[in-house]
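Quick notes on the structure that follows.
The values are calculated or read from the model by the stated rules, or taken from the named source; none is laboratory data. This structure is a prediction, so every number in the text was calculated from the model and none was measured. With ideal geometry, Cβ positions are generated from the backbone for all residues, glycine too; neighbour counts draw on all protein chains shown. Heads up: the accessible areas ignore ligands, DNA and RNA and are worked out on the full protein's heavy atoms, side chains in. Shrake-Rupley method; radii C 1.70, N 1.55, O 1.52, S 1.80 Å.
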Amino acid sequence: HVQLVESGGGLVQPGGSLRLSCVASGSISSINAMRWYRQAPGKQRDLVASIFASGTTTYADSVKGRFTISRDNAKNTVYLQMNILKPEDTADYYCNADVMKAGNYHYTNYWGQGTQVTVSS
């Protein structure tokens with residue numbers, strides 16, 4: 001059984017920073033893409049950033065230059081460093097990953113439970 005667990009959310013003032021973490025646990029053989037999504041109240045869930053096993057990263061236009069996604073493959077962990085936060089960044093942030101379980105030969109997509117980020121003065 002594979003689980004993704006996020007942490008690091010909270011309340012921060014505009015212009016501040018937060019660092020989100022997501023740890024994948026379970027019987028894991030390898031992880032391909034790891035992603036962060038966010039969902040604001042009443043809105044759809046949107047892709048914020050992705051990082052592939054190669055290290056290639058992609059970002060939504062709204063966060064380019066402010067957010068940085070990284071990963072520690074030895075720890076099966078993905079991070080999202082969020083700087084110069086704005087009120088419009090307020091949302092639930094979800095970790096997502098393509099995981100190959102031990103003994104399998106295909107990747108399965110998993111979601112974390114989410115962590116709340118509120119940007120407000």
Being charged (D, E, K, R), open to solvent by 50 Å² or more (accessible area, probe 1.4 Å) and in a strand (DSSP E or B) is true for just one of R71, R19. Which residue is that?
R19
For the list (1) modelled with pLDDT of 95 or more; (2) not in a strand (DSSP E or B); (3) not hydrophobic (A, V, I, L, M, F, W, C), I need the number of the one condition that S30 fails.
(2)
Selection from the stretch 22-44 of residues that are under 15 Å from D89 (Cα atoms), crowded, with 16+ Cβ neighbours inside 10 Å and not aromatic (F, W, Y):
R38
Within the stretch 45-64, how many residues turn out to be among the small types (G, A, S) and open to solvent by 70 Å² or more (accessible area, probe 1.4 Å)?
1
Mind counting the residues in the stretch 99-121 that are out of contact with any Ser or Thr (no Cβ under 7 Å at 6 or more places or on another chain) and part of a strand (DSSP E or B)?
5
